[in-house]
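The values are calculated or read from the model by the stated rules, or taken from the named source; none is laboratory data. Because the structure is a prediction, the values reported are computed rather than measured. All Cβ positions, glycine included, derive from the backbone under ideal geometry; neighbour counts span all protein chains shown.
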Amino acid sequence: MNRGFMLLEVVLALSIFVVAVVGLVKSLNAGLTADYQQQRLTTMRLNLQSLLDEALAEPPVESSTEVPADLFHVSYRREIKPADVRISGGTNLPNIFKITVTAQDTQRDNRVIGTLWTYASP
Amino acid sequence: MTLIEVMVALGVLVILVGGIFMVVQTALKTVLLIDTRASREDEITNLTDILRSNFRNLPSRAHLTAVPVTDGKVPEFLFIVRNAPGFLTWLSAAESENEIVLLAFRQDSADGHWRACLKRFVPAANFPREEFDPKAILKAAAGIPWLELVADIERVGIRFFDGNRREWQDTWTDWRLRPALIELTLIYEHTKDPRSSAAVFWIPPVKGVAKT
């Protein structure tokens, strides 16, 4: 019997092919997105540590500094505040400061916070 | 089947196989690219983390200078660290308190890429304790192989923050003082979307002039 493919068979075969290709492309895209996110997180962590380290180079003064969003759409805020540290008996230990750096991911509404305590010699 | 039908069928088959091949090839290339980038990022991050923790724990008696060295062969940027037993040591303890640690960013004359290398040695007993001349130190360390930490860096940027003058400078020549901050920028993939790592390390201050 000499017969060709039915239209339905062709459409079915093409559909399966398209589904397979779309799946593959989606997985590639997911891989690239994960790579990009990983790079953002690494950069965010590095910047956060660097901002904490930079703060240690100056005598601590109560302040708030904003760093505008970078290439990865992450902005940073560094706050230096006197820390309320008390010993037994309720005595407040003076000259101890808390440095907080907040990395705010403006694309994903995600934030990472790094904290450091430092002592300012009078 | 006629010859025309066979040819059309073969044509369609070739197009389909070609398409599938292209898709698979792209997938493999992408996987390889992601894998390579992840390993590079790991290498650079590890180097940065090691440097950060070592500079942060630099002993109070340690001295360092950091200067470019061009001896006509291999351009390099050389950190000389003395009186810092334990600095950049992870597999074995320092051999002596007098050990000299050299951390160099060296440019490969063949491809122009930079490498981060480490060398440590104990100089001869009569080697001056206040000697920081890179040529004299490199001469004393000749014959000791460099340990390669990271290779294939496209570009290196190093700056030092002088805590007294409140300004950044490109070299650190006075071994009696120490910089408050060191900024290290490594560009490790120079594409349309260059990948780089910029980190600032803090060095604990030491009041006054440190004596050996």
Requiring at least 1 residues that are under 21 Å from B:P205 (Cα atoms), the strands (runs of 3 or more DSSP E) wholly within the stretch B:99-194 are B:100-107, B:155-162, B:167-169, B:181-189
The number of residues in the stretch A:87-118 that are touching a residue at least 12 places away in the same chain (Cβ under 8 Å), touching a Lys or Arg at 6+ places or on another chain (Cβ under 8 Å) and of a type outside the set (S, T, Y) is 10
Among residues of the stretch A:46-67 being more than 9 Å from every other protein chain (Cβ to nearest Cβ) and either more than 15 Å from the chain's Cα centre (by Cα) or of a type in the set (K, R) (or both), the residue nearest to B:P179 (Cα to Cα) is A:P59
Every listed condition ((1) without any contact (Cβ under 8 Å) to a residue 40 or more places away in the chain; (2) within 14 Å of chain B (Cβ to nearest Cβ); (3) over 30 Å from B:I20 (Cα atoms); (4) surrounded by 14 or more Cβ atoms within 10 Å (Cβ to Cβ)) holds for A:S121 save (4)
By residue number, the members of the stretch A:53-70 that are touching a residue at least 40 places away in the same chain (Cβ under 8 Å) and in contact with a Phe, Trp or Tyr (Cβ under 8 Å, 6 or more places away or on another chain) are A:L56, A:P60
Exactly one of B:D152, B:D133, B:D111 is surrounded by fewer than 17 Cβ atoms within 10 Å (Cβ to Cβ) and touching a residue at least 12 places away in the same chain (Cβ under 8 Å), and that residue is B:D152
Of B:F87, B:F55, B:F77, the only residue that is within 14 Å of another protein chain (Cβ to nearest Cβ), within 17 Å of the chain's Cα centre (by Cα), closer than 29 Å to A:T42 by Cα and of a type in the set (F, W, Y) is B:F55
Of (1) over 30 Å from B:I182 (Cβ atoms); (2) of a type in the set (S, T, Y); (3) facing chain B (nearest Cβ under 10 Å), A:T43 fails just (1)
Flag if B:G72 is exposed (fewer than 10 other Cβ atoms within 10 Å of the Cβ) and at pLDDT below 90 | yes
Within the stretch B:1-18, residues being over 22 Å from A:S15 (Cα atoms) and in a helix (DSSP H, G or I) number 5
Do the conditions hold for B:T185, that is, is it of a type in the set (V, I, T) and under 17 Å from the mean Cα position of the chain (by Cα)? yes
